[in-house]
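Data first, discussion second: the structure below is written as structure tokens.
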Amino acid sequence: MIVAIVAIISLTPATSTAQQGPSMGDQFFKDSLRQTPYPYTLPILGQKVRELGQDLPYPMGGMFNFIHQQTRLELTSLKVGFGDLPLTELDFVTFDPIENVGNVYNFRFDNWILPFLNVYGIYAYGNGTAEIPMTFPIQYDIKTSPVVSTFGGGIVLAYGIKNFFGAYNLNLSWSNTSALDDLVYGRVQSIRVGRIFNLKKRYHSISISVGAQKQVVDRLSAGQITFGDIFDNLDQSHLDDLRNQIQDEAQNWYDDLSLAQKLVVDRLVETMEDWFDGVNVRDVPIHYSFEKEVIGEWSFQLGAQYNHGKRWWYRMEGGFGKGRTQLLISANYRFGIKKKEFR
């Protein structure tokens, strides 16, 4: 049904924290850094940092992320236009919380503009499965599998002292999904603090971080889906139950509906009857709009990262919160563009 599209929320991409490279403790290494010109065009002020005896990671990177997320949502303000009928509010239809699972493949390119400021762009592709349990007027579980593509970008502000670091991440994205008319805007914010543990080999380290993440998406969604996409698993008992409720001589919910609402219910019953009579009504269009609300916007984040030299970084992070769990796995390749005099 209409709510198929709420899977988009789980596809809003999370990003792992970019952070400063490990600080080298021995004095000889720091002195050699001070005497060596910084060879890369970015970040701005890179030479100033080098003169302080501090090293920086390669300024540019390409990151591949895989994100698995489970989300619980609530649907409100449902409006439906069945076939050629106009959109009509169906405030008498109720649902249990929606269970949504999404898998996202996310590519990100980033660049350190300043030693403390990283700017990045992202593209993501994902698919999801959503189970929407309708509880009234009939009990029927709607199962959908939306496909989503996402683009966007963001910034990271980071600071490190000795082997400790902190980072703030802001991510803005726009997602295009099947059966939705418009792009869905999403915003992800996170803050992390952590510690780097240097290994014996220079530039090899493990870092541990903790933090919090907030995900926000547009509440309003609208689009079109077909009768067959929603009611493919319909059986005769659902139709019989709906008929009995409507034909009950006692005062019931159907009697209290407006004329427009009764037209939608009547059209639904007629289409269900045609379905079981063998009439091809699979492609009958159903227009819809609704508001969605994530049960929990905030999650606790726990992550670990392994830096295999200055080129390759690998990260795993889990998120846990009310109505949401998340797992991120990423690989990051770093590089830089040298100034002309160093080429």
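The values are calculated or read from the model by the stated rules, or taken from the named source; none is laboratory data. Owing to the predicted nature of the structure, the values given are computational and were not obtained by experimental measurement. In this analysis, Cβ positions are derived from the backbone assuming ideal geometry, glycine residues included, and neighbour counts consider all displayed protein chains.
May I ask you to list pairs of residues, at least six apart or on different chains, whose Cβ atoms are under 6 Å apart, with the first in segment 126-155 being touching a residue at least 40 places away in the same chain (Cβ under 8 Å) and the second being surrounded by fewer than 21 Cβ atoms within 10 Å (Cβ to Cβ) and of a type in the set (Gly, Ala, Ser)?
Pairs that qualify, where the first residue is touching a residue at least 40 places away in the same chain (Cβ under 8 Å) and the partner is surrounded by fewer than 21 Cβ atoms within 10 Å (Cβ to Cβ) and of a type in the set (Gly, Ala, Ser), are THR129/SER145; PRO146/SER178.
Collect the residues in segment 220-269 that are assigned to a helix (DSSP H, G or I), within 17 Å of PRO86 (Cβ to Cβ) and in contact (Cβ under 8 Å) with a residue 12 or more places away in the chain, keeping them in residue-number order.
Matches in segment 220-269: ALA260, GLN261, LEU263, VAL264, VAL265, ARG267, LEU268.
Just the residues that are buried (at least 17 other Cβ atoms within 10 Å of the Cβ) and touching a helix residue (DSSP H, G or I) at 6+ places or on another chain (Cβ under 9 Å), please, taken from segment 197-217.
The answer is GLN215, VAL217.
Of all residues in segment 132-154, which are farther than 20 Å from VAL184 by Cα and either of a type in the set (Asp, Glu) or assigned to a loop (DSSP other than H, G, I, E, B) (or both)?
Once the filter is applied, which keeps residues that are farther than 20 Å from VAL184 by Cα and either of a type in the set (Asp, Glu) or assigned to a loop (DSSP other than H, G, I, E, B) (or both), segment 132-154 yields PRO137, ILE138, GLN139, ASP141.
Which one is nearest to the chain's Cα centre (by Cα) among residues in segment 222-239 that are closer than 23 Å to ASP182 by Cβ and of a type in the set (A, V, I, L, M)?
Among those residues, the one meeting the criterion is ALA222.
Taking the condition of being under 22 Å from the mean Cα position of the chain (by Cα), at pLDDT 95 or above and not charged (D, E, K, R), how many residues in segment 300-324 meet it?
Adding up the residues that qualify gives 10.
Kindly list, by first and then second residue, each pair from a residue in segment 321-343 that is closer than 11 Å to GLY61 by Cβ and in contact (Cβ under 8 Å) with a residue 24 or more places away in the chain to a residue that is crowded, with 19+ Cβ neighbours inside 10 Å and among the small types (Gly, Ala, Ser), limited to pairs with Cβ atoms under 9 Å and residues at least 6 apart or on different chains.
Matching pairs, first to second residue: SER330/SER16; ASN332/SER16; ASN332/ALA18; ASN332/GLY61; TYR333/GLY61; ARG334/GLY61; PHE335/GLY61.
Looking at ILE286, is it touching a helix residue (DSSP H, G or I) at 6+ places or on another chain (Cβ under 9 Å) and surrounded by 18 or more Cβ atoms within 10 Å (Cβ to Cβ)?
Yes; evaluated as a whole, the condition is true for this residue.
Restrict the check to segment 195-205 and report whether at least one residue is in contact with an Asp or Glu (Cβ under 9 Å, 6 or more places away or on another chain), under 27 Å from ASN106 (Cα atoms) and outside any helix (DSSP H, G or I).
Yes: segment 195-205 contains one or more residues that are in contact with an Asp or Glu (Cβ under 9 Å, 6 or more places away or on another chain), under 27 Å from ASN106 (Cα atoms) and outside any helix (DSSP H, G or I).
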